[in-house]
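Shown next, in structure tokens, is the structure this report addresses.
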Amino acid sequence: MYGWKGKIGLLVPAGNRVIIPEFYRIAPPGIAFFETRMIVQGSWISEDSNFSMIGNAERGLEELKMCKVDVCVLACTATSFLKGKGWDQAFVTEGEKKLGVPVTTTVLSLLEALKVLKTKRIAIASPWTPDISNRAVEYLEASGFEVVHACSEPIDRIRVNDQLPEFAYSLAAKADVPAAEAVCIFATDLRSIEILSALEKTLGKPVVSSNQAILFNVLRLLKDDQPITGFGSLLERPRTRI
Amino acid sequence: MELGERGRIGLVLPAMNTVAEPEIYSILPEGVTAHTARMYAPVDISDEENFVRMCDVGCENGEQAAKELATAKVDVYAFAFTAGSFYKGAGWDEEIARRIEKAGGAPCIVTATAAAQAIKQMGLKRIGVGTPYAVANQRLKGFFEQKGIAVTKIEGLVLPTAVHVGRQPIMKFEELVRAVNTPDAEGVFISCTNFVTLSKIDAMEREIGKPVISSNQATFWAALRKIGVTDKIKGVGRLFREF
């Protein structure tokens, strides 16, 4: 049986074609991933656009429930930032009521990752417009972090996954400043898993990506401590004994 | 390197399927990616009425799934739903392909068509057929006969729901292959994309000395060949090694 150690359900924006290949490439044995897609209206991130997508989340949760997943993730980053702190916790509570298993979001996973890395001052890099990047800053500062530098290079939704990993590499390198204790790279549809280790060596500090943070958090929720090496220091850490 | 620069497969899957995604990622060659959209469908397959309802509802949601995958820019759709593609007989499989192609704007291969094509391309005229189903075996037998393939024996595991199918251990596949391998069969086909098969196809071919074809194997094979990926993949049967 596949997923004997854990079955992970992913609610993804319909166009996403990065998270599943990244996860199947680096996941430890016994972990299986199942995805369901939510159609999104509009080619730029906005409240209207992202919440047209969230309208399809209920059906997605029903489908993943049929798969009897052990944990479920809302695998979109910007959506959590748009509504401000509290929205994603409410989404999680509703989802857990429906599924009866832990539910999380990309941003809640990111907060877990930053907690483990014991970082308070961070730099962020995203393929978003400055407006959306500012929403991320507001959310993170309301969560007790200091965003020392935010760097964004806007790309419309449909072309984010066309970017090669070097795009994320140079964007994150640009985002980094000496005061930052860690650098975060946002968007689950932005390729970056291949360059995280190299980037950490260059910058001399932890780098966290949306997908890497999700994987860390779902494995933590599954109490899985199998090490994953070569894709950033976060995944090399123990997850259940912190 | 681009992700999926050799091609991207869009899996159109019944919602409860927990086998096709890990199985395809266990064999995908470098440079090819697979992406899934789910078709909601009820899971009861214990009697004729419920079985047909699962197929009807699943198929109705196929176009929506294709539209979702279209935004991920996939190169081919794999309608990976065996029952949903054979239950109305030969011709329906092609109709489903047409509907998905129209909704998604890219070519579509369908499991039942792919299975028949694989069996024929391997030169097999008579096959034994194993399934996890309780009631649909005569429909599947009829489908193969309409496609010009004789069925020497057909046997089902009589599972009550499609969720149970996805929970079967690989030993059930081995038992089914043995059970339907009649002396006059030239090969064996094991049905259902939610039934684990891939890791033991080679071993069972060696054991019975005949080709073994499964739903997922035929689906992935047809999808890869459709996008021009002709790699001879080892470890998943003669079909992938030679065709």
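Where strands (runs of 3 or more DSSP E) fall entirely within region B:85-191, those with at least 2 residues that are more than 14 Å from chain A (Cβ to nearest Cβ), modelled with pLDDT of 95 or more and surrounded by fewer than 16 Cβ atoms within 10 Å (Cβ to Cβ) are at B:150-156.
Condition first: within 15 Å of A:Leu235 (Cα to Cα) and at the interface with another protein chain (Cβ under 7 Å from one of its Cβ atoms). Now tell me which residues in region A:20-35 satisfy that. Scanning region A:20-35 gives a single hit, A:Tyr24.
For region A:108-139, a residue qualifies if it is within 14 Å of the chain's Cα centre (by Cα) and in contact (Cβ under 8 Å) with a residue 40 or more places away in the chain, and the qualifying residues are A:Leu108, A:Ser109, A:Leu110, A:Glu112, A:Ala113, A:Leu114, A:Ile124, A:Ala125, A:Ser126, A:Pro127, A:Ala136. Within region A:115-162, restricting attention to residues that are β-branched (Val, Ile, Thr) and assigned to a helix (DSSP H, G or I), the residue that is surrounded by the fewest Cβ atoms within 10 Å (Cβ to Cβ) is A:Ile158. When region A:27-56 is filtered for residues that are more than 15 Å from B:Ala34 (Cβ to Cβ), modelled with pLDDT under 95 and crowded, with 18+ Cβ neighbours inside 10 Å, the ones remaining, listed by number, are A:Val40, A:Ile45, A:Ser49, A:Asn50, A:Met53, A:Ile54, A:Asn56. With the condition kept exactly as written, say whether any residue in region B:55-66 is closer than 20 Å to B:His164 by Cβ, more than 9 Å from every other protein chain (Cβ to nearest Cβ) and either of a type in the set (Ser, Thr, Tyr) or surrounded by 17 or more Cβ atoms within 10 Å (Cβ to Cβ) (or both). Yes, the conditions are met somewhere in region B:55-66. Conditions: (1) over 19 Å from A:Asn211 (Cα atoms); (2) in contact with a strand residue (DSSP E or B) (Cβ under 6 Å, 6 or more places away or on another chain); (3) not assigned by TED's automatic domain parsing to the domain that holds A:Ile185. A:Val92 meets all but one. Number of the miss? Condition not satisfied by A:Val92: (1).
Contact map, region B:31-47: residues that are over 22 Å from B:Val76 (Cβ atoms) paired with residues that are polar (S, T, N, Q) and assigned to a loop (DSSP other than H, G, I, E, B), Cβ distance under 6 Å, separation 6+ or inter-chain. Pairs shown: B:Tyr40/B:Asn61. Per the listing A:Ser197, A:Ser170, A:Ser233, the residue uniquely in contact with a Gly (Cβ under 6 Å, 6 or more places away or on another chain) and of a type in the set (Ser, Thr, Tyr) is A:Ser197. Picking from residues in region B:1-54 that are buried (at least 20 other Cβ atoms within 10 Å of the Cβ) and assigned to a helix (DSSP H, G or I), the one that is nearest to the other protein chains (Cβ to nearest Cβ) is B:Pro22.
Let's see how each residue does on (1) of a type in the set (Lys, Arg); (2) touching a residue at least 24 places away in the same chain (Cβ under 8 Å); (3) at the interface with chain B (Cβ under 9 Å from one of its Cβ atoms):
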{"position": "A:Lys5", "(1), (2), (3)": "yes, yes, no"}
{"position": "A:Ala14", "(1), (2), (3)": "no, yes, yes"}
{"position": "A:Ile39", "(1), (2), (3)": "no, yes, yes"}
{"position": "A:Ser43", "(1), (2), (3)": "no, yes, no"}
{"position": "A:Asn50", "(1), (2), (3)": "no, yes, no"}
{"position": "A:Arg59", "(1), (2), (3)": "yes, no, yes"}
{"position": "A:Thr93", "(1), (2), (3)": "no, no, no"}
{"position": "A:Thr105", "(1), (2), (3)": "no, yes, no"}
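Among the residues of region A:202-223, is there at least one that is crowded, with 17+ Cβ neighbours inside 10 Å and among the hydroxyl-bearing types (Ser, Thr, Tyr)? Within region A:202-223, one or more residues are crowded, with 17+ Cβ neighbours inside 10 Å and among the hydroxyl-bearing types (Ser, Thr, Tyr).
The residues on offer are A:Cys67, A:Cys76, and the sole one that is over 26 Å from A:Asp131 (Cα atoms), buried (at least 22 other Cβ atoms within 10 Å of the Cβ) and within 14 Å of another protein chain (Cβ to nearest Cβ) is A:Cys67.
The values are calculated or read from the model by the stated rules, or taken from the named source; none is laboratory data. Just so you know, these numbers come straight off a predicted model, no measurement behind them. When we count neighbours, we look across all protein chains shown, and the Cβ atoms used for this are built from the backbone with ideal geometry, even at glycine.
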